[in-house]
Amino acid sequence: MHVHLVLFEAWNISRFISVTNKRREIAGASELITYLDRRWVKDAAAELFDGFDPAWRIEDKPVELLETGAGNAKVLVRDAGLARLLVTRVTSRALRDAPGLEVCGVVSAPFDWLADGLLHEALGLAARQLAPVRTSLPGPDARFLRLPIVDQCRSTGLPAESLMRQPGPEPSYEPRSAESRAKWRAYGKQDDGDGLGRLADLAGTKPEQLGRVVEHLNDHAEWVGVVYADGNGLGKVFGAFNQCVDGGSNRRYADTLRDFSAAMQAAARDAFLEAVGAMEHAGAGVKGGDGPVPVLPLILGGDDMVALCDGEWALTFAEAYLREFERLTAATEKIMEPLRRQGEVAALSACAGVAIVKPHFPFAASQDLAYALLREAKQVKKEIEGPCSALSFHVLYDSSGADLDRIRRQITLTELPQWPPTRQPDEAAAQTAAQAARDGRTVLCAQPYVVSASQQEAPWARGRHWRDLEQRVAALASRGDEGERKLPASQLHELREGLFLGPAVADARLENLLPAYGESGLRQLLGDPKSLFWQEQRRDPGRPGRWVTGLLDAMDAEGFLLVGVER
């Protein structure tokens, strides 16, 4: 028996969500993306195959829904003509229902279903076929032409299709594109929260409550956090998934892949709910804590998670999600059993990037920054052996640019300045400066921070565990009996200024402050004894470790990280 693999993918998800800054349209875009795996493929299969049921299996039926989720779908079809027609129906539906979302599909060459191992090969070949197909498609800017001359959409910049009434007490109308209108339809009416049902279910609340969250993040939040999380090592797992299967038959492979993927999605959803529950327990809520938890899920499929959160709670939420994801995947046998067969991954972990920005900062730029921070967090895999969840973050005070490379260059000292001639460093500070100069770089941050409790003793994680950051933030936020700061802001500012002049200067200033403020929390900020810095221990002994400090991270995180709450 010969079958074809049909592979679908929505590949411009990031652009489709982030092209607008309006939270309602962002939520609507999130809803439309899921239509590929929740509606379009199933509806097209029902039109082409009488009596279609997702429980069908290819051995005795003409079609089988192999896997759906995270903006993609995989289908097995016996007939080549029907397979191509399935692609036509699905992509045509995407053009009508979600203009601007790029959905493409490919049909593999036929392969013998009874020959062991060919399904794994077909998945790899179809993935390689998909790349040239999707890059050959014209983008939305080419598809929506501007002749005859039309007005520009206020949201997406595409040609406007019509005027659309805006919510508010006073009637107003704005020109909107077909893409923008589709997102509004998916979001639903403002007053009853239609279309938010799926997102509300993910967030563990009701549609009208999630509508309040959208309004809060759009109009009332002082800071907004964009949280981007992704599992570690799953690309390698899926690339050699045949090793995860007990037996070489295509049926066993298909069932194991389906169960593994479904379990991964369930673990991610449950981790999200657990993180939201932890925030609620800690008192998070719009309007002073009386309203719903201020977090809006945008993407929650497979091992990917993108969410918007009130900036005050963004770091707390991200850390809780990583911790719960690691715990839940380890407790799920349908995940761990295939991994044990592969033998290379003892457990699953995830990393996250958190960009905390002002509400009206362009969402596209903040999402790019969050993704760059996620990639930075994943560098922990090079330094720590074994599964390790980690988190990088940045609070964007300077809106002139959100490029992470530029941000990190600004806090990297490659040439230490000369010590001012009027003051002399002590011997210990001079040795610190000399060592830093020999190593070539001093970095004024310690990111990423390790969330996994199992990696707390890893040499590279020294000073970089999440608890270390929490302790530093707690020291900065500590107050006296009359509400005054135990560590005065003026003294902290002097220390911060000294960081940019090199370890010798910063530690000389620290030495002057320790007698007065050492017992008020200042010692919690130390890396080495009598120093704000410590030298990282690299996994590769041939690469000298940089000198790093946690002070700047703690000062940035203060106000955005809840400390002192029991988990």
Legend entry - About the Cα centre, charge dipole magnitude for the chain (Lys/Arg +1, Asp/Glu -1 at Cβ), debye: 1100
Legend entry - Low-density loop positions, chymotrypsin sites (Phe, Trp or Tyr not before Pro), the stretch 320-404 - DSSP coil, at most 12 other Cβ in 10 Å: TYR397
Inset, instruction - Place a +1 charge on the Cβ of each Lys and Arg in the stretch 34-137 and a -1 charge on the Cβ of each Asp and Glu, then give the dipole magnitude about the Cα centre in debye, rounded to the nearest 20. - result: 460
Legend entry - Descending Cα extents along the principal axes, the chain, whole Å: 85, 64, 44
Legend entry - Quotient of Cα Rg and 2.2 N^0.38 Å for the stretch 2-143, N being how many residues it contains: 1.07
Inset, instruction - Work from the charge dipole of the stretch 507-560 (Cβ charges, +1 for Lys and Arg, -1 for Asp and Glu, about the Cα centre) and give the residue of TYR517, ALA557, LEU532 farthest towards its positive end. - result: LEU532
Legend entry - Degrees separating the helix 80-97 axis from the principal Cα axis of the chain, which is the longest one: 60
Legend entry - Column: log10 I(q)/I(0), Debye, Cα scatterers of the stretch 519-567, q = 0.14, 0.28 Å⁻¹: -0.51, -1.05
Legend entry - Spin-label model distance (nm) - GLU280 vs ARG15, 7 Å beyond Cα toward Cβ: 3.8
Legend entry - Net lengthening on full extension, THR414/ARG479 (0.36 nm per residue, minus Cα-Cα): 19.8 nm
Inset, instruction - Please list 538-550, 205-217, 228-240 highest first by mean number of surrounding beta-carbon atoms within 10 Å per residue. - result: 205-217, 228-240, 538-550
Legend entry - Cβ crowding within 10 Å averaged over residues, with 270-277, 517-524 ranked highest first: 270-277, 517-524
Legend entry - Of GLN265, LEU396, ALA200, farthest towards positive along the dipole that unit charges on Lys, Arg, Asp, Glu beta carbons give the stretch 196-405: GLN265
Inset, instruction - Can you tell me the order of 462-468, 51-57, 350-356 when each peptide is scored by its average per-residue count of other Cβ atoms within 10 angstrom, highest first? - result: 350-356, 462-468, 51-57
Legend entry - Sparse-neighbour loop sites [trypsin sites (Lys or Arg not before Pro); the stretch 86-190; at most 14 other C-beta within 10 Å; DSSP]: ARG146, LYS189
Inset, instruction - Excluding residues fewer than 8 places away in the same chain, name every one of the lysines whose C-alpha is closer than 18 Å to that of LYS74. - result: LYS42, LYS61
Inset, instruction - Along Cα→Cβ, 7 Å out, is where each label goes; now give me the distance between the ones at GLU494 and ARG341 in nm to one decimal. - result: 6.5
Legend entry - Rounded if a/c under 1.5, otherwise prolate or oblate - the stretch 296-377, Cα gyration tensor axes: prolate
Inset, instruction - Rounding to the nearest 20 debye, state how big the charge dipole of the stretch 198-329 is about its Cα centre with +1 on each Lys and Arg Cβ and -1 on each Asp and Glu Cβ. - result: 520
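Only the coordinates and a few stated rules stand behind these numbers; no lab work does. Just so it is clear, the structure is predicted and the values come from calculations on it, not from any experiment. All Cβ positions, glycine included, derive from the backbone under ideal geometry; neighbour counts span all protein chains shown.
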